[in-house]
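Accompanying notes for the structure given below.
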Amino acid sequence: MPLVTSKEMFEKAYKGGYAIGAFNVNNMEIIQGITEAAKELNAPLILQVSAGARKYANHTYLVKLVEAAIEETGLPICLHLDHGDSFELCKSCIDGGFTSVMIDGSHLDYEENVALTKKVVEYAHAHGAVVEGELGRLAGIEDDVNVSAEDASYTNPAQVQDFVERTGVDSLAIAIGTSHGAYKFKPGQKPQLRFDILEEVEKRLPGFPIVLHGASSVVPEYVETINANGGSMPDAVGIPEDMLRQAASMAVCKINIDSDLRLAMTAGIRKYMNENPSHFDPRQYLKPARQNIKDLVSHKITKVLGCENKA
C-alpha cells in the first residue's frame, strides 16, 4: 500500500465522530512505537514531520522509514508536513513524496495568509497532495514555532468560510485554547477549550475537517518519572483528555500530538539510565523508550481519538 492523503480518512472521521492521530516523528524508534500501536489497534495514522525534524533526521531517511512502516503494518498512513512556513518548503516536501502539507500563514495578515495558502493549494492539488491551512495563533513553543501569550489569538469564525472558499484548503487548523509545548498552563490554572468557537465554525463549514494543534495532555506519569530520575521539569498542566474526546466527536478530525511523545521517550531513557548507569548501548535504553511511545499511542487511540478499528 502506498502513502495516502488524509481526504478519505477525514471523511470517515467526520461522519463517525472520531479523530485521526497526527503524531510527530523524529527517528526510527518513534515511528516504530507509533505504528506498532496503530497496527495492533487497526487505526489509521498521520505521521507528521516538522521543519526541525526534517533538518535533524533528513527528508529522505524519514520518508523511507515511513514507507518501511507501511510495508510492515499494511496501514493507511498519510505523511504530513507540520507547520510549513513557506511555499518553497511545502513544494520541496510534496516533490519529495509527502502526501499532505500544512502551510502556516497565521503570522501574516489575513489577505497575505489567503494568498500564500492558495498558492500552496494550487501546487499541491496539481501533484496529488492535500493542504492544511491555519486561522488564529496558538501560544507556546514547538520547534521553530514560538508564539507569546500576548500574540496568540482565537480563530475568528466569521473568517473561516471566506478563507476556505478562496484558498481551497482541504482542512483547517483553528485556535480554541490549546497551545504548543509541555508548559501550556500553570498549576492551578484551568484549561478551557472554546467549544463555542468550534460550534460556530462547524455551522459555517458543515462537514469540513477541523484540526487541533497543541493537544498533548502532558501526562503526569512521564513528568514524574523524568523528575524522579534526575530531571527538573516544573509542574505543567496539559489539555484534559475528555475535552479532546469531545472535540473529536464534533468537527475535529485531526488531533496533533508531539510533546507527549517527547515526554514518554525521555521518561523511558532517563529511568533506564538511572537504573543502569554503566550501560552505554543505545539499543538497550531506546527499547523502553519505544515501548513508552507505543503505550502512549495505544492510550490516545482508544481513550482520546476513538479511531481503533477504523483503518
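The values are calculated or read from the model by the stated rules, or taken from the named source; none is laboratory data. Computed from a prediction, not measured in an experiment: that's the story for all the values here. So basically every Cβ, Gly included, is an ideal-geometry build from the backbone, and we count neighbours across all protein chains shown. Note: accessible area is taken over every heavy atom of the protein model, side chains too, but ligands, DNA and RNA are not part of it. Shrake-Rupley method; radii C 1.70, N 1.55, O 1.52, S 1.80 Å.
Quick notes on this structure:
- Filtering segment 3-59 to residues that are touching a residue at least 24 places away in the same chain (Cβ under 8 Å), of a type in the set (D, E, K, R), over 22 Å from Cys253 (Cβ atoms) and surrounded by fewer than 19 Cβ atoms within 10 Å (Cβ to Cβ) leaves only Glu40.
- Members of segment 19-44 that are over 24 Å from Tyr56 (Cβ atoms) and either touching a Leu at 6+ places or on another chain (Cβ under 6 Å) or not in a loop (DSSP other than H, G, I, E, B) (or both): Ala19, Ile20, Lys39, Glu40, Leu41
- Looking across segment 57-84, the residues that are in contact with a helix residue (DSSP H, G or I) (Cβ under 9 Å, 6 or more places away or on another chain), over 20 Å from Ser6 (Cβ atoms) and not small (Gly, Ala, Ser) come down to Tyr61, Glu72.
- Conditions (1) in contact with a Lys or Arg (Cβ under 7 Å, 6 or more places away or on another chain); (2) open to solvent by less than 20 Å² (accessible area, probe 1.4 Å); (3) under 30 Å from Phe163 (Cβ atoms): number failed by Lys254: (1)
- Residue in segment 20-30 that is in contact with an Asp or Glu (Cβ under 9 Å, 6 or more places away or on another chain) and more than 23 Å from Ser171 (Cβ to Cβ) present: no
- Restricting the first member to segment 225-248 and to residues that are basic (Lys, Arg) and modelled with pLDDT of 95 or more, and the second to residues that are in a loop (DSSP other than H, G, I, E, B) and open to solvent by 60 Å² or more (accessible area, probe 1.4 Å), no beta-carbon pair is closer than 8 Å while six or more apart or on different chains.
- Members of segment 60-92 that are part of a helix (DSSP H, G or I), open to solvent by less than 30 Å² (accessible area, probe 1.4 Å) and either more than 22 Å from Ala311 (Cβ to Cβ) or modelled with pLDDT under 95 (or both): Leu89, Cys90
- Qualifying residue in segment 170-179 (condition: of a type in the set (S, T, N, Q), farther than 21 Å from Ile255 by Cβ, surrounded by 21 or more Cβ atoms within 10 Å (Cβ to Cβ) and modelled with pLDDT of 80 or more): no
- Each residue in segment 227-256 was checked for being in a helix (DSSP H, G or I) and touching a Leu at 6+ places or on another chain (Cβ under 7 Å), and 3 of them qualify.
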